[in-house]
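Remarks on the structure that follows.
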Amino acid sequence: MGQTLGVRKIHVIGIGAGDPDQLTLQAVRALRNTDVFFVLGKGEVKSDLTQLRRDMLDAHVSEGTYRVVEARDPERDRSAGGSAYSPAVGDWRSARADIYERMITEELGEEQTGAFLVWGDPALYDSTLGILEEVLERGRVTFEYDVIPGISSVSALVARHRTGLNRVARPVQITTGRRLAEGFPEGVDDVVVMLDAHQTFRQYTDEDIDIYWGAYIGTPDEILASGPIAEAAPRIERLRAEARERKGWIMDTYLLRRNPRDEHRNG
């Protein structure tokens, strides 16, 4: 996308699952031509996530060539369920759009380039692109933006477990814990689950399923576990509880691989 004279430009940069080595060369080039980095922090509990972003900048961008602008990420109503879930997410996204709009308007000069550093890949279960579109639709600030893909936690998870997302001639589905709680997806035996705060995999311990689980993937705190779900689930619950107690928060992802009765186990 070419930059129009006098128009601000935004990079939406996928920075991988946490390992600074997962930055692509394209991402590094984008980092180096950015004037202002916008960071939404999640408070003291998750301050290490903000520090990881700063470590990436320190490793790849010359000191003194950029500014970092931080704002507090608005709280989302996580108690909302059922029909209230989508409106609650919509309110949260609009609150984020208010912050994005203010930061771009006040902190990014015309003909300057700003950037949002997005965990994993901006196209997978991330709200940044939709929020930027909402800001543009309001019409109060003008900018162009491009998207630099990143290594998602999904890709990093299966790489760390030395397995694939799918099996020969079979589909794979990526879903959320909230959707998994409604039932195992039909017609799919390989299901990746993200955003699961309630360990929904426990619903399926009576089935012939293997689980490949990981938390804090790509960071020094990374934890991995795998195996038949009946055996692995209690271990994962314990590891997850210990990690959450230690850090105050957890980010995890897992792959469920159902073994058809008429085939040998393939994990």
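The values are calculated or read from the model by the stated rules, or taken from the named source; none is laboratory data. Because the structure is a prediction, the values reported are computed rather than measured. When we count neighbours, we look across all protein chains shown, and the Cβ atoms used for this are built from the backbone with ideal geometry, even at glycine.
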Can you tell me which residue is surrounded by the fewest Cβ atoms within 10 Å (Cβ to Cβ) among those in region 150-167 that are β-branched (V, I, T) and within 13 Å of L256 (Cα to Cα)?
T163
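Are there any strands (runs of 3 or more DSSP E) wholly within region 165-222 with 2 or more residues that are in contact with a Ser or Thr (Cβ under 8 Å, 6 or more places away or on another chain), and if so which?
Here the list reads 190-194, 209-215.
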Would you check which residues across region 21-48 are within 24 Å of G248 (Cβ to Cβ), free of Cβ contacts under 8 Å to residues at least 40 places away in the same chain and either of a type outside the set (D, E, K, R) or outside the structural domain of A115 (by TED's automatic domain parsing) (or both) and list them?
G41, G43, S47
Considering only region 101-143, state which residues are assigned to a helix (DSSP H, G or I), under 18 Å from the mean Cα position of the chain (by Cα) and surrounded by 14 or more Cβ atoms within 10 Å (Cβ to Cβ).
T128, L129, I131, L132
Selected residue (only one of R170, R179 is surrounded by 15 or more Cβ atoms within 10 Å (Cβ to Cβ), in contact with a strand residue (DSSP E or B) (Cβ under 9 Å, 6 or more places away or on another chain), over 27 Å from I13 (Cα atoms) and in the same structural domain as Y204 (by TED's automatic domain parsing)):
R179
Flag for R162 being more than 19 Å from the chain's Cα centre (by Cα) and at positive phi:
yes
Every residue in region 186-199 that is at pLDDT below 95 and surrounded by 13 or more Cβ atoms within 10 Å (Cβ to Cβ), please.
L195
Residues of region 5-23 being in a loop (DSSP other than H, G, I, E, B), closer than 27 Å to F143 by Cα and among the small types (G, A, S), in sequence order, are G6
Scanning region 60-82 residue by residue, those modelled with pLDDT of 90 or more and of a type in the set (A, V, I, L, M, F, W, C) turn out to be V61, V68, V69, A71
For R93, are the conditions met, namely being in a helix (DSSP H, G or I), modelled with pLDDT of 80 or more and farther than 18 Å from G18 by Cβ?
yes
